[in-house]
Each structure stands twice: as structure tokens, then as C-alpha cells.
Amino acid sequence: MRALSVRLKLTEIFYSLQGEADTVGIPTVFIRLTGCPLRCQYCDTAYAFHGGEWWQLPAIVERVREFEARYVCVTGGEPLAQPHCLALLKTLAEAGFRVSLETSGALPIDTVDARVIRIVDVKTPGSGEEHRNRYDQLALLRPEEQIKFVLCDRSDYEWSRGKVAALQLAQRCQVLFSPSHEQLAARQLADWILADRLPVRFQIQLHKHLWGNEPGR
């Protein structure tokens, strides 16, 4: 496939600190693709559901290079909803970037370039999209990759704790527990994790504590 024939619809490309996962705090270029088939009730990027602009693949790579950063995160929306996302990920990896993909867990991840770090959500009952989880795909994750649970309340916590144990997720890769912003107090979640001695990584969304819900940050 010729690079000039590959186009993706983008909501934004921006430079910020990574707010989540194992590279939290590291300056990163974010490529936010437009569109998502899910409608999680706590979604903070609904502005990426529609609109956007078409970009050719070489122009995306050129724009990323302008920020002079090693780390690139492809996110959404749901980036894998666009078939050419796979070509974007491969091209970024071939260009020498350390590439991560944030995906909802509702679409297959088996064809993602092996050099890309996959960060896969497991949707809790509180998200309203639990039925979209592709549990079979979690078995494909490597130790350096991550599974993320966004928790809305105690019920979500107990459900997630059960999934981690039943599917032995902590033996496969890093497991992240994050409180849904403005729905579950971060300290409350931290206390639950410590009380149960869970083998998970607590995280908050650093970017929201720095810049709130401001798009492009």
C-alpha cells in the first residue's frame, strides 16, 4: 500500500505529558483519531466522535517529527475503528518512535505491529459498555503491555477485582486501576487496593489534575 494513498481522519495532534500508563509524566505526542463505536457514560473525549480532518500518512509522520519527542501515543475515540490505523502504527514504529496504542478492548488487537505497546481497556459495568469486552484478546498481551480498568464505584471495583483474579491478569501484564474522574475519589480507590493487597497499579489521570478537561492537553 502506497503511503500517499493512506488517509486517516484525525481530531487532533498535540504535545503534552503522558497522563496514564507506565510512561506517565513523559513528554509525548498524541495522535487522536476521530470516531468510536462505543459510548461509555464517563467518556471525556466525546468531541472526537465526529468531525475531524483527513490526513495523509506522510503528513502525520512529518507533524509528529516537528515536536522532537521519542514517545507517540495513538488514541481516540477508538483508533482501531479506522482500518488504516494499523499502517499508521507500523509506520511510526519503523520511524523509530516508541509507540503506544490506547484501545477500548472492543476490537481485535492481534494485527497490531509487535513493536507497539498495547494498552487495552476492560469496560466495567459502570461504563455501560461491559458487553463489548473481547476477553479472548487479553491473552495476546505481553508483560510490558497494560490492561486498564476505569472504576466508577465500589461495585465496579469488586467486579474488576474478580476479573483480575479469575482471568489471572496480573500474571500476564501490568494491570491499572483508575478512578473515573469526578465519580470515584482517588483516595477511596487507593484505600481499597491496599486493603485487599491487589497486585495492580493505581493511577490517576495526571493531565486532568494539571489542566482539567481542556482538549489537546
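Just so you know, all these numbers are worked out from the coordinates, no wet-lab data involved. Because the structure is predicted, anything quoted here is derived from the model rather than measured.
Tabulated data for the structure shown
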quantity	calculated
Reachable lysines, given that their alpha-carbon falls under 26 Å from the alpha-carbon of Lys90 and they are not under 8 places away in the same chain	Lys9, Lys148
Within a Gaussian network of the chain (alpha carbon springs, distance under 10 Å), most fluctuating of Arg172, Arg187, Arg161	Arg187
Interchain or long-range residues, amide H under 5 Å from Glu78's placed H	Gly35, Cys36
Max mean-square fluctuation residue, GNM over the chain, Cα-Cα springs under 10 Å, options Gly105, Gly128, Gly19	Gly128
Set of aspartates and glutamates near Lys208 by C-alpha distance (under 12 Å), chain-local residues within fewer than 8 positions excluded	Glu20, Asp44, Glu182
Rounded to whole Å, sorted largest first: equivalent-ellipsoid semi-axes of the stretch 3-211, Cα gyration tensor	29, 17, 17
Vicinal HN-Hα couplings computed from phi for the stretch 177-183 (Karplus, 6.51 cos²θ - 1.76 cosθ + 1.60; Hz; Gly/Pro x)	10, 10, x, 5, 4, 6, 10
